[in-house]
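Read the figures in this text as sums done on the coordinates, not as results from a lab. Computed from a predicted structure; not experimentally measured. Positions of Cβ are backbone-derived with ideal geometry, glycine not excepted, and every protein chain shown enters the neighbour counts.
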Amino acid sequence: MAVGRPARARQASRELDGAAAPPLPAGPWLEVGDRPRAAAAPPRPVIGAVRPQVDGGRYPAKAAIGDFVAVEADVFVDGHDELSCVLLYAHAAERSWSRAPLRALGNDRWQGGFPVHALGDHHFVIQAAPDPFASWRRDLRARVAVHEDLSGELAVGAALLEEAAERAGATERALLLEAAGALRRAPGRLRAPVDASPLPGGDGTVGGLVFDELLAELVRRHPDPDQVTSSQTFAVRVEPELARFGTWYELFPRSASPDPSRPGTLADVEARLGYLAHLGIDVLYLPPIHPIGRTHRKGPDGAPTAGPDDPGSPWAIGADEGGHTAVHPDLGTLADFDRLVAAAAEHGIAVALDLAFQCSPDHPWVRQHPEWFRHRPDGSIRYAENPPKKYEDIYPFDFDTPAWRDLWLALLDVVRFWIDRGVKVFRVDNPHTKPFPFWEWLIREVKGEHPEVIFLAEAFTRPKVMQHLAKLGFSQSYTYFAWRSAKWELEQYFTELTRTEVADYFRPNLWPNTPDILTDELQFGGTPAFVARLVLAATLGASYGIYGPAFELGEHVAREAGSEEYRGSEKYAVRHWDLERPDSLAELVARVNRIRRDHPALHHDSTLRFHHVDNDQLIAYSKTHLVEEPRYLGPQPAHEPREPDVVVVVVNLDHHHVQSGWVDLDLGVLGLPPDGPYLMHDLLTDARFEWRGPHNFVRLDPAVV
């Protein structure tokens with residue numbers, strides 16, 4: 001977005017989602033004093049195409065604790081003047097701005113950034129001004145090259161330093177005036193090319209003074225305020241690291257019993273935490289744990305009628321025992337849940353709950369608040385439908401009810417209830433079927449009180465709807481990954497997710513399977529399909545999840561031909577899982593997750609790059625974590641010395657045949673020498689190979705894990 005108004009006209013702060021940015025600071029980059037002066041011409045620099053930003057600043061972009069937020073913009077000015085560009089940034093709770101320079105990338109694109117170490121909204125502004133002193137120095141080099149007499153030019157430079165001194169504070173003013181005086185006392189001395197070399201400051205020569213970078217930076221800090229252009233204020237919402245990187249695991253508590261003769265409980269889930277910790281799980285996601293309605297309860301595999309012992313769908317929430325703030329008595333008590341959350345935290349695992357904002361016909365709210373539901377002409381409440389599917393056991397809320405305020409507040413209280421019990425992660429069921437304004441309001445309210453809370457959107461819907469939910473504040477989103485299997489599909493889709501403006505606000509969470517999704521690939525690809533999809537999910541995305549134990553035990557039988565529903569689905573039945581089966585992929589899952597934790601390159605999505613392979617059944621890509629970050633002014637954070645981390649992944653997409661091909665790595669992207677040898681360490685098998693240059697051979701057998 002281009003802005004051409006004087007910076008002094010932008011003193012009023014702009015509110016973004018309830019968090020106000022600090023007022024733009026008075027001082028050398030903006031207004032100077034109150035002395036009257038003639039009206040100035042409008043500033044000339046143009047600022048546009050700012051990233052990160054979402055819909056022109058309407059919504060905040062996303063970052064996580066520990067990130068370095070890279071900021072880029074197109075900045076240019078008419079003519080041939082040099083420009084000075086600066087980035088101002090601050091946390092919403094701060095009342096003053098920090099300052100960082102932007103560096104020119106070429107083609108009028110500028111880049112800089114700032115670190116974030118606190119939760120909540122951060123704000124940034126880009127400012128640009130012509131830099132006459134830098135223009136003068138550039139031209140001086142050209143004049144020296146043709147042996148011009150530079151006596152008059154030194155006086156011009158001195159005048160520019162004196163003008164900057166008028167806008168500086170006492171200490172910097174003295175330094176600038178001292179440098180100006182040195183130039184005025186040296187007419188005629190800067191004739192030889194050697195004197196105009198970019199000598200280091202303090203060498204005693206006039207050339208050393210003119211081309212001293214500290215002096216140039218001092219001048220840049222004090223531009224003519226009438227020529228400063230400011231962008232609008234943009235916001236970045238900073239969330240916990242878990243919002244960017246983590247491994248999720250979905251588990252039905254009623255199927256967690258080690259005893260096949262009885263259903264599982266929350267205590268059984270607690271006993272399984274050691275297994276989950278060994279797998280390397282960061283988030284344990286529990287489907288709804290609330291009482292289940294009995295009216296129109298679904299039977300096995302979603303049958304319209306249930307037997308007396310059928311447990312029903314956990315998503316049919318509510319019965320005489322309570323609603324969204326109650327625990328199903330067969331699973332345990334609220335005290336049992338509290339113990340589970342505490343025990344999981346000791347293992348480094350966060351417990352996530354499902355927010356399914358819907359009710360069974362037996363939910364207490366149906367009796368207490370019938371006005372919250374949509375009624376048919378005969379007065380009956382309309383159940384949920386997705387033709388031809390019918391969900392007679394579920395009543396959706398009527399968000400258009402005249403009593404919508406009470407409904408919204410009741411649902412917010414549900415979230416607050418579980419936050420008070422230690423839940424900081426929520427998976428939201430079908431958010432695209434509820435109004436966008438509701439989610440924007442609810443997430444803003446929750447984040448205002450608890451900025452550490454994370455929301456995952458389960459929205460398998462149209463791309464723009466999924467993206468808009470992310471803009472509204474959802475921390476992460478399910479994706480179409482499960483149905484992207486061809487090489488071109490994966491490359492195209494993940495380039496969109498990581499290399500376009502979508503990456504500024506949309507965080508993908510990749511699931512190869514869910515209780516609702518058993519793809520053809522997993523149905524017919526055998527163990528190699530599960531292995532390949534695991535590796536793809538865990539390395540293409542910084543966040544991924546599996547529905548287990550169905551995944552590690554290779555559950556692959558569909559309810560019927562052409563269906564993605566599991567036969568004997570846990571959504572409608574209690575299952576018993578033998579975790580000790582010799583064909584379990586548990587150890588592979590654990591190894592993959594150890595690799596993820598050990599390699600910071602896999603903690604981010606922004607560095608994902610695809611590399612060419614001359615075989616469409618092989619896909620190759622890389623992620624990197626390099627030490628270098630854009631410099632910024634101010635206190636420098638203390639960092640332990642780190643080696644660059646480079647991870648290259650090659651996956652065989654053919655689950656039935658050996659495939660081979662030549663991989664062409666972009667060694668510049670990887671920070672590797674163009675011709676020399678380098679060691680490739682296979683992190684899955686621990687084998688090591690010497691590769692040389694960009695062109696190397698790979699052979700992958702799907703039968704060999």
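If you stretched the chain out fully between THR685 and ARG138, how much longer would it get, using 0.36 nm times the residue separation minus the C-alpha to C-alpha distance? Can you show the working numbers first?
Working: separation 547, 0.36 × 547 = 196.92 nm, distance 5.61 nm.
Here the answer is 191.3 nm.
222 nm [θ] for the chain, helices only, -39500 (n - 2.57) per DSSP H run of 4+, per residue, to 500? Present the calculation step by step, with values, prior to reporting the outcome.
Values: 17 runs with 180 residues, N = 705.
Mean residue ellipticity at 222 nm (helix-derived): -7500 deg cm²/dmol.
Can you tell me the length gained on complete extension of the stretch ALA174 to ASP320, counting 0.36 nm per residue apart and subtracting the Cα distance? Working shown, then result.
On the way: separation 146, 0.36 × 146 = 52.56 nm, distance 7.97 nm.
Contour length minus the Cα-Cα distance gives 44.6 nm.
How large is ³J(HN,Hα) for each residue in the stretch 169-180, as worked out from phi by the Karplus curve 6.51 cos²θ - 1.76 cosθ + 1.60 (θ = phi - 60°), to whole Hz, x for Gly and Pro?
Per residue, the Karplus-derived 3J(HN,Hα) values read x, 4, 5, 5, 4, 5, 5, 5, 5, 5, 5, 4 Hz.
For a Förster distance of 25 Å, can you work out the FRET efficiency between the beta-carbons of ASP583 and ASP259, rounded to the nearest 0.05? Don't skip to the end; give the middle numbers.
On the way: r = 22 Å, r/R0 = 0.89.
That gives a FRET efficiency of 0.65.
Give, in nm to one decimal, the length gained when the segment between ASP675 and GLU217 is fully stretched (0.36 nm per residue of separation minus the Cα-Cα distance).
Values: separation 458, 0.36 × 458 = 164.88 nm, distance 3.89 nm.
Stretched fully, the ASP675-GLU217 segment lengthens by 161.0 nm.
Counting DSSP beta bridges in the chain, what percent are antiparallel, to the nearest 5?
So the antiparallel bridges in the chain amount to around 70 percent.
How far is it, in nm, from the label point at ALA118 to the one at ASP301 when both lie 7 Å from their Cα along the line to the Cβ?
The modelled label-to-label distance comes out at 5.7 nm.
Where a Cα-Cα gap under 20 Å defines reach, which lysines qualify for LYS390, not counting those fewer than 8 residues away within the same chain?
Within the straight-line cut-off, LYS390 pairs with LYS298, LYS434, LYS571.
Could you check the simple spin-label distance between LYS390 and GLU445, using points 7 Å along Cα→Cβ, in nm with one decimal?
Those two pseudo-labels are separated by 3.5 nm.
Please turn the phi angles of the stretch 44-52 into ³J(HN,Hα) values with the Karplus equation 6.51 cos²θ - 1.76 cosθ + 1.60 (θ = phi - 60°), one per residue in order, whole Hz, x for glycine and proline.
The phi angles translate into 9, x, 10, 10, x, 6, 6, 9, x Hz.
Quick one: if the Förster radius is 51 Å, what FRET efficiency do GLU560 and HIS375 give, using the C-beta to C-beta distance and rounding to 0.05? Please report the intermediate quantities before stating the final value.
Values: r = 35 Å, r/R0 = 0.68.
So the FRET efficiency works out to roughly 0.90.
Using 1/(1 + (r/R0)^6) with R0 = 56 angstrom and r between the beta carbons of GLN368 and ARG692, what's the FRET efficiency to the nearest 0.05? Please report the intermediate quantities before stating the final value.
On the way: r = 73 Å, r/R0 = 1.30.
My answer for the efficiency is 0.15.
Averaging sequence separations of C-alpha pairs under 8 Å and six or more residues apart, then dividing by the length of the chain, give the relative contact order as a whole percent.
On the way: 1447 pairs, mean separation 80.4, N = 705.
It rounds to 11 percent for the chain.
Work out from phi, with θ = phi - 60° and the Karplus expression 6.51 cos²θ - 1.76 cosθ + 1.60, the ³J(HN,Hα) of each residue of the stretch 302-318, listed in order in whole Hz, and give x for Gly and Pro.
The phi angles translate into x, 4, x, 10, 10, x, x, 9, 6, x, x, 8, x, 7, 8, 7, x Hz.
Along the Cα→Cβ direction, 7 angstrom out, place labels at ALA40 and ASP309. What is the inter-label distance in nm?
In this crude spin-label approximation the distance works out to 8.3 nm.
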